[in-house]
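The values are calculated or read from the model by the stated rules, or taken from the named source; none is laboratory data. In this text the structure is predicted, and so the values were computed from the model without any measurement. Heads up, the Cβs are rebuilt from the backbone with ideal geometry, glycines too, and the neighbour counts pull from every protein chain shown.
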């Protein structure tokens, strides 16, 4: 079920009505039932068995772990942790990464002179598995580390795992963040519901008016890079950044807005990422919950592990203090970034383009930091002014844009070819001779696309100060209503939905 | 060890990890107050603190320490 | 506390009302076919309540065979079409209900036309029937009937229900026309140049058969429901088989329908069997195999009008001030068609 479709809106409205009619003690049960319904409308029914397996194993392991810990039996607790992790990650790995392994085995075997041709599998994964598995793994580790209590109720655990707003594309919530809200009763609060719906409205606008429109141009160019070379490629790359951002963050707005209507606040996944001034900051503002998850559950345990501590000591002894400060953390980050890349997809273009590329940028920034500082001092650059911040943001945008080309073009060598195609033909004339209106969007649509990006910019700038909804709420009624009517009719008239538009399948939904 | 002694040792660790002899810390210092204190250096800092005081933070502490004041309290607890 | 709730609820209601008003305007601008479908379908709702003697429901043979302003001029009767291109027969019952809300005392002529197999009517064509109907429960039922009969998908169902889904993308090519969609004010009198100008000899298309063929299930159901409705509500209904040359299967279906209608003792005007009595000439009065041109239309108009007056005794409304708009309609219409009429036809009008 597309979250920008009429059936979804009807579904949501129905759940909202039922939710507030239910007595507060059973509202969470209602959410559980809605989640099952949502799953049914969005995915093949039999795949829910994987999720059921995850819930059963997780409840069992969490409960036993907690019990073992109170008894002081840390070895038993560890065993239950390992079981929980192996089952959940095993299901994820099998469903999503078998083919990656198979392809690489075939390739390696061919290189070694003994070619194999293991056929790839055709496995259907349940909705949201990439997201709920992260939540579950985080939950098991949190229980093991004593950060949160174990949930002994099977259905409550099921709700945490399969809470429907999160099934589409996250965010990856921590058990501690949601446990009180998820199971508590919520009073009907018209202000909160209004806020939630306003957020959903903005999300739908971002997806249907901005992202879907950008997708037309991007798909036209990337679909035929032989014809559209030179500056076209870079236009597509830039537009794709905005397409991906409005698509994913629009989805988040819809999902967080919907959850807010239930009185449940999920964690944010975006914080105007294009205003970031460094690649490291970018990943603290883009897909925030994934970055935070990797930091807390991979990076920290790795850096604090025996192996790393020993390595650090060795490096300090042999290569000095400075190396000991930098190398272990860079290697730790490599683990994180390889996983980041792998999470996006089981193929090398993701691992390299979304993983290694960003690792390299962050590591290089760290290592070259003193060099940059010297150059800045030498050139007497003012680092406290708008022009410098703008330069930093543009720099980050460009670097991230290259990584995202690997994400979009779905093939490592293909991406390199496309980058090459972008470097050679020199055709700046395309910006002046009307060629831009022949990329799938006619004049009015192209102009609307540009205008909508400006609207996005203005809203993003306002967001830096304070919640935009709150800012609007402070204004007088006619102004507020003009904005809401504007959004609603903007979506109704300019949205790319209905016959003749491809249902712009949300990019992150296949995860 | 009392708080003042802890602070003395801790300041030295901070100055060493962030390579800045001028760093001053107090109960309300957070990552926002020190330029290079980010998620990566956080771990290095904690490791250095562990080494200096001969203690071990658990993962709960690693995720949860809000400011220097909380860190000092925890160090005090672990030393006791 | 109560005051706050009431105030908040009032705000929500006002907001929704404001939305409804704006939405209606936006729909009015964007939705629906341009051209004559607008005149035929939306034009019907322009008529004041209970001002029509009769209403003629059907598909394109209907509005190419009844010339309302000329019938008014000749006989003083007010009857107009409520018809649309390719309007399916299964929509007749719902359209009848919708029309009767505005014209409850009128005589209803229902054309036996618009018969299709269950996958033969595209959604685009179905839109012509539904786009200009005011939103109502009846309209929703009509759409349900069409979706069920022609097996449209859920998406297409929503699209028929809320046509803005289909038409909103037109915003980038709006012209002045869309903002000033105006009624021609010819009471549905057809003005297309094909209708006025062209002639085709259709004698060779003639297919006479007296066989019957069972109707597709959904059509049979619709027919039975229609007849039952007319009986229960005591609707003054006349079934009309338009003059047209169809293929054998269609003619067999027509025969089946006529059989069924006869069981209810409803009057049937069979323009095919009355072909000579009407005075139709298959060499000069048609512009293609199923549509009369202006000349054929005048003959049929005369025939139907006389039939209705003889059987239902309508008042002659010419000369009164109440029906001034009909006089205007005639003036407008005659200006358009005069160049195409023969001497005889002009005389007939006097």
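All of A:42, A:35 fail the test of being surrounded by 14 or more Cβ atoms within 10 Å (Cβ to Cβ), assigned by TED's automatic domain parsing to the domain that holds residue A:154, out of contact with any helix residue (DSSP H, G or I) (no Cβ under 6 Å at 6 or more places or on another chain) and closer than 21 Å to residue A:161 by Cα, apart from A:42.
For residue C:160, state whether it is surrounded by 12 or more Cβ atoms within 10 Å (Cβ to Cβ), without any contact (Cβ under 8 Å) to a residue 60 or more places away in the chain and within 12 Å of chain A (Cβ to nearest Cβ). So residue C:160 passes the test.
When you look at residue C:196, is it surrounded by fewer than 20 Cβ atoms within 10 Å (Cβ to Cβ), touching a residue at least 12 places away in the same chain (Cβ under 8 Å), in contact with a helix residue (DSSP H, G or I) (Cβ under 6 Å, 6 or more places away or on another chain) and outside any loop (DSSP other than H, G, I, E, B), yes or no?
Numbers: surrounded by fewer than 20 Cβ atoms within 10 Å (Cβ to Cβ): yes; touching a residue at least 12 places away in the same chain (Cβ under 8 Å): yes; in contact with a helix residue (DSSP H, G or I) (Cβ under 6 Å, 6 or more places away or on another chain): yes; outside any loop (DSSP other than H, G, I, E, B): yes.
Answer is yes for this residue.
Exactly one residue out of A:285, A:304, A:271 is farther than 28 Å from residue A:28 by Cβ and touching a strand residue (DSSP E or B) at 6+ places or on another chain (Cβ under 7 Å): that is A:285. Only a single item in (1) farther than 28 Å from residue C:179 by Cα; (2) buried (at least 19 other Cβ atoms within 10 Å of the Cβ) is not met by residue C:59, and it is number (1).
Let's see how each residue does on (1) assigned to a helix (DSSP H, G or I); (2) away from chain A (no Cβ under 14 Å); (3) farther than 30 Å from residue C:216 by Cα:
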{"position": "C:110", "(1), (2), (3)": "no, yes, no"}
{"position": "C:118", "(1), (2), (3)": "no, yes, no"}
{"position": "C:128", "(1), (2), (3)": "yes, yes, no"}
{"position": "C:132", "(1), (2), (3)": "no, yes, no"}
{"position": "C:149", "(1), (2), (3)": "yes, yes, no"}
{"position": "C:167", "(1), (2), (3)": "yes, no, yes"}
{"position": "C:170", "(1), (2), (3)": "yes, no, yes"}
{"position": "C:189", "(1), (2), (3)": "no, yes, yes"}
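The set of residues in the range A:437-452 being away from every other protein chain (no Cβ under 14 Å) and either outside any helix (DSSP H, G or I) or in contact with a helix residue (DSSP H, G or I) (Cβ under 6 Å, 6 or more places away or on another chain) (or both) consists of A:439 alone. Among the residues here, residue C:285 does not qualify as modelled with pLDDT under 90, under 18 Å from residue C:111 (Cβ atoms) and surrounded by 16 or more Cβ atoms within 10 Å (Cβ to Cβ). Being touching a helix residue (DSSP H, G or I) at 6+ places or on another chain (Cβ under 7 Å), touching a residue at least 24 places away in the same chain (Cβ under 8 Å) and at negative phi is a description that applies to residue C:264.
Given the criteria within 28 Å of residue A:340 (Cα to Cα), over 24 Å from the mean Cα position of the chain (by Cα), in a helix (DSSP H, G or I) and touching a residue at least 60 places away in the same chain (Cβ under 8 Å), does residue A:78 qualify? Yes, satisfied. Being within 22 Å of residue A:168 (Cα to Cα) and surrounded by 15 or more Cβ atoms within 10 Å (Cβ to Cβ) holds for only one residue in A:99, A:88, A:106, and it is A:88. Of all the numbered requirements in (1) away from every other protein chain (no Cβ under 12 Å); (2) in a helix (DSSP H, G or I); (3) at pLDDT 90 or above, residue A:485 misses one, and that requirement is (1). Quick check: is even one residue across the range A:372-381 more than 25 Å from the chain's Cα centre (by Cα), surrounded by 16 or more Cβ atoms within 10 Å (Cβ to Cβ) and outside any helix (DSSP H, G or I)? Scanning the range A:372-381 turns up no residue that is more than 25 Å from the chain's Cα centre (by Cα), surrounded by 16 or more Cβ atoms within 10 Å (Cβ to Cβ) and outside any helix (DSSP H, G or I).
When you scan chain B for helices (runs of 4 or more DSSP H) that lie fully inside it, which ones turn up with 3 or more residues that are under 11 Å from the mean Cα position of the chain (by Cα) and more than 19 Å from residue A:329 (Cα to Cα)?
Values: elements: B:3-17, B:39-53, B:59-64, B:68-79.
Where helices (runs of 4 or more DSSP H) fall fully within chain B and carry at least 3 residues being under 11 Å from the mean Cα position of the chain (by Cα) and more than 19 Å from residue A:329 (Cα to Cα), they are B:3-17, B:68-79.
Report whether or not residue A:146 is away from every other protein chain (no Cβ under 14 Å) and on the phi > 0 side of the Ramachandran plot. Full working, then the answer.
Working: away from every other protein chain (no Cβ under 14 Å): no; on the phi > 0 side of the Ramachandran plot: yes.
It is false that residue A:146 is away from every other protein chain (no Cβ under 14 Å) and on the phi > 0 side of the Ramachandran plot.
Across the range A:347-356, not a single residue is classified as in a helix (DSSP H, G or I), farther than 16 Å from residue B:44 by Cα and within 12 Å of another protein chain (Cβ to nearest Cβ).
Residue B:73 meets the conditions (1) within 14 Å of chain A (Cβ to nearest Cβ); (2) within 22 Å of residue A:296 (Cβ to Cβ); (3) surrounded by fewer than 17 Cβ atoms within 10 Å (Cβ to Cβ) in every case but one. The failed one is (1). Scanning the range B:19-70 for residues that are within 20 Å of residue B:4 (Cα to Cα), more than 10 Å from chain A (Cβ to nearest Cβ) and without any contact (Cβ under 8 Å) to a residue 24 or more places away in the chain yields a count of 7.
With respect to the numbered conditions (1) within 14 Å of chain A (Cβ to nearest Cβ); (2) modelled with pLDDT of 90 or more, which one is the sole condition not fulfilled by residue C:154? All conditions are met except number (2).
Have a look at A:32, A:41 and point out the one that is within 14 Å of chain C (Cβ to nearest Cβ), within 29 Å of residue C:154 (Cα to Cα) and either in contact with a strand residue (DSSP E or B) (Cβ under 6 Å, 6 or more places away or on another chain) or at pLDDT 90 or above (or both). Spell out the reasoning first.
Working: A:32 fails: within 14 Å of chain C (Cβ to nearest Cβ).
On inspection, the qualifying residue turns out to be A:41.
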